[in-house]
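In what follows, a single structure is set out as structure tokens and then discussed.
Values in this text are rule-based calculations from the coordinates and carry no lab data. None of these values were measured; they are calculated from a predicted model. Cβ sites come from the backbone with ideal geometry, for glycine too, and all protein chains shown count toward neighbours.
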Amino acid sequence: MSKRFKSRKNQLARSSDDRWILGVLGGVADYLGWSSNLVRALWIVLGIFFHKIWWVFVLVYIVAGIVLPED
């Protein structure tokens, strides 16, 4: 395995710097190299678009907050 895949930056983790609640979306933004505000806006838009299953978004966020390590 190359060094690139062993680096901390390429691992999905909760953000300790860019967080509102648990840091999950900030960590996803860091992982993807996107703006954290863009990721949050997409999360909200998808939640509104799929409003009948909003609880799935909440559940995924909570589980990711528990499972993902903090950077």
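Filtering the stretch 15-49 to residues that are under 21 Å from LEU59 (Cα atoms), in contact with a helix residue (DSSP H, G or I) (Cβ under 7 Å, 6 or more places away or on another chain) and of a type in the set (Ser, Thr, Tyr) leaves SER15, SER36. If the condition is being out of contact with any Ser or Thr (no Cβ under 8 Å at 6 or more places or on another chain), closer than 13 Å to LEU22 by Cβ and charged (D, E, K, R), then the stretch 32-71 contributes only ARG40. List pairs: first residue in the stretch 11-37 and at positive phi, second residue assigned to a loop (DSSP other than H, G, I, E, B) and not hydrophobic (A, V, I, L, M, F, W, C) anywhere in the structure, Cβ distance under 7 angstrom, at least six positions apart or on different chains. The qualifying pairs are GLY23/SER15; GLY23/SER16.
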